[in-house]
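Trainee: Below are the structure tokens for one structure; questions will follow.
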Amino acid sequence: MRRRTAAAAITSLALPLLALTGCGSGDPAAGQPAGAASPAPSADVTKGLTKDPEIAKLLTAEVRERGTLRLASSIGTPPSAFRPSTDSNEPAGQDIDIADAVGRVLGVKLERQEASFEAILPALESGKFDVGTGNFGVTEERLRTIDFVTYINDGQGFSVRKDEQDLKKITSLDQLCGKAVGVGAGTTFETTLEEQKGVCAKKGRAPYDVKVFADNGAALTSLQQRRIDVIMSTINGLRYQAAQPAAGVKFLGEFARLDVGFALKKGSPLAKPLQAAVNKLIEDGTYDKILKKWGTQKSALHESRISPPEIKAKQP
């Protein structure tokens, strides 16, 4: 889950390489082998959705007249947003389906443009885009300049090689003492580990070593070659990746949760119509269908909120 706007973009890689999306972002964190493609469910679970006139009225006159929303998307890895085929430019994933469904409810066309993760938030502030998606986690730092409309609850987790015997479910960062931990550059994972580095000294143990990667494929290669011991990334990305038999990794479970949402310029009038559209999808069952399609039901929200406070991880 990425935190700083200067973060390096996470690219889509292939199965058995562990490419992970940034959960604010991201959201970093699941992936495929270089040059290969990750299979994607093909069901169109948003088919039949139509414009809701009452919700569409919440849009500004400018957007209604224009009939479009300029959407910046960070295309990374499954299940959030990725390219399931190396010969296609069409992205797929949970974020893609949710954004498309919201557009149909609002009765607007999405002008989706791919943008690197670190470029999206500044571009929102400048007005280049109306909305951004990229598994952006809601953090106190981001809330100073960005508004969010939440649509999923993801978070932080850990993965190791399948033959790893020492590390089990991680509930406290002192379990990482003496280990080399791989994270994406500029992510909330990197920040969490750096801020809590003193936990090992308090236990009289050797510190863990944070290894930062601009490319998650490089992180997985390091894991497979035993240059690092564990990867910290998003819950949904790691869980999805571990379900791929060829990946050779196992998911150690959830460590901390973080809300994820559409990113908007602070004070954007789009917040209320986007929130109403997401809540309609929750109420009519479309939201549940999308999450079932991508296997992310455990991250479901009961309702969408506008810029809720950051969920703080509890340390034992």
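The values are calculated or read from the model by the stated rules, or taken from the named source; none is laboratory data. Please read these numbers as outputs of a predicted model, since none were measured by experiment. Ideal geometry is used to build each Cβ from the backbone, glycine not excepted, and the neighbour counts take in all protein chains shown.
Trainee: Quick one: would you say Thr139 is in contact with a Ser or Thr (Cβ under 7 Å, 6 or more places away or on another chain), β-branched (Val, Ile, Thr) and on the phi < 0 side of the Ramachandran plot?
Mentor: Numbers: in contact with a Ser or Thr (Cβ under 7 Å, 6 or more places away or on another chain): yes; β-branched (Val, Ile, Thr): yes; on the phi < 0 side of the Ramachandran plot: yes.
Answer is yes for this residue.
Trainee: Looking at Arg83, Arg64, Arg142, Arg70, which one is of a type in the set (Lys, Arg), more than 19 Å from Ile290 (Cβ to Cβ) and surrounded by 19 or more Cβ atoms within 10 Å (Cβ to Cβ)? Before the answer, list the steps.
Mentor: Values: Arg83 fails: more than 19 Å from Ile290 (Cβ to Cβ); Arg64 fails: surrounded by 19 or more Cβ atoms within 10 Å (Cβ to Cβ); Arg70 fails: surrounded by 19 or more Cβ atoms within 10 Å (Cβ to Cβ).
When all the criteria are applied, what remains is Arg142.
Trainee: Only one of (1) at pLDDT 95 or above; (2) closer than 19 Å to Asn279 by Cβ; (3) buried (at least 23 other Cβ atoms within 10 Å of the Cβ) fails for Phe129. Which number is that?
Mentor: Condition not satisfied by Phe129: (2).
Trainee: Among the numbered criteria (1) in a strand (DSSP E or B); (2) under 24 Å from Lys51 (Cβ atoms); (3) more than 17 Å from the chain's Cα centre (by Cα), which one does Val181 miss?
Mentor: In the conditions (1) in a strand (DSSP E or B); (2) under 24 Å from Lys51 (Cβ atoms); (3) more than 17 Å from the chain's Cα centre (by Cα), Val181 misses (2) alone.
Trainee: In the range 255-302, how many are aliphatic (A, V, I, L, M) and not in a helix (DSSP H, G or I)? Working first, answer last.
Mentor: First pass over the range 255-302, keeping only residues aliphatic (A, V, I, L, M): 256, 258, 260, 263-264, 270-271, 274, 276-278, 281-282, 290-291, 300-301.
Of the ones still in play, those that are also not in a helix (DSSP H, G or I) are 256, 258, 260, 263-264, 270, 300-301.
Counting residues in the range 255-302 that are aliphatic (A, V, I, L, M) and not in a helix (DSSP H, G or I) gives 8.
Trainee: Another question, then. For the range 269-316, which residues satisfy the criterion of being on the phi > 0 side of the Ramachandran plot and crowded, with 17+ Cβ neighbours inside 10 Å?
Mentor: Here is the first cut: in the range 269-316, the ones on the phi > 0 side of the Ramachandran plot are 285, 295, 307.
Ser307, the sole residue that qualifies.
Trainee: Okay, moving on. Quick check on my filter: what residues within the range 149-173 are closer than 26 Å to Gln225 by Cα and either surrounded by 16 or more Cβ atoms within 10 Å (Cβ to Cβ) or among the acidic types (Asp, Glu) (or both)?
Mentor: So the first thing to find is which residues in the range 149-173 are closer than 26 Å to Gln225 by Cα, and the list is 156-173.
Within the range 149-173, Gln156, Gly157, Phe158, Ser159, Val160, Arg161, Asp163, Glu164, Asp166, Leu167, Ile170, Leu173 meet the criteria.
Trainee: A further question on this structure: Mind checking whether some residue in the range 250-262 is surrounded by fewer than 19 Cβ atoms within 10 Å (Cβ to Cβ) and out of contact with any helix residue (DSSP H, G or I) (no Cβ under 9 Å at 6 or more places or on another chain)?
Mentor: No, the range 250-262 contains no residue that is surrounded by fewer than 19 Cβ atoms within 10 Å (Cβ to Cβ) and out of contact with any helix residue (DSSP H, G or I) (no Cβ under 9 Å at 6 or more places or on another chain).
Trainee: Then there is this: If I ask for residues that are in contact with a Leu (Cβ under 7 Å, 6 or more places away or on another chain), of a type outside the set (A, V, I, L, M) and closer than 21 Å to Phe136 by Cα, which ones from the range 189-232 would you list?
Mentor: Scanning the range 189-232 gives Asn216, Gly217.
Trainee: Testing Ala119 on (1) out of contact with any strand residue (DSSP E or B) (no Cβ under 9 Å at 6 or more places or on another chain); (2) not in a loop (DSSP other than H, G, I, E, B), one condition comes back false. Which one is that?
Mentor: Evaluating Ala119 over (1) out of contact with any strand residue (DSSP E or B) (no Cβ under 9 Å at 6 or more places or on another chain); (2) not in a loop (DSSP other than H, G, I, E, B) leaves (1) as the failure.
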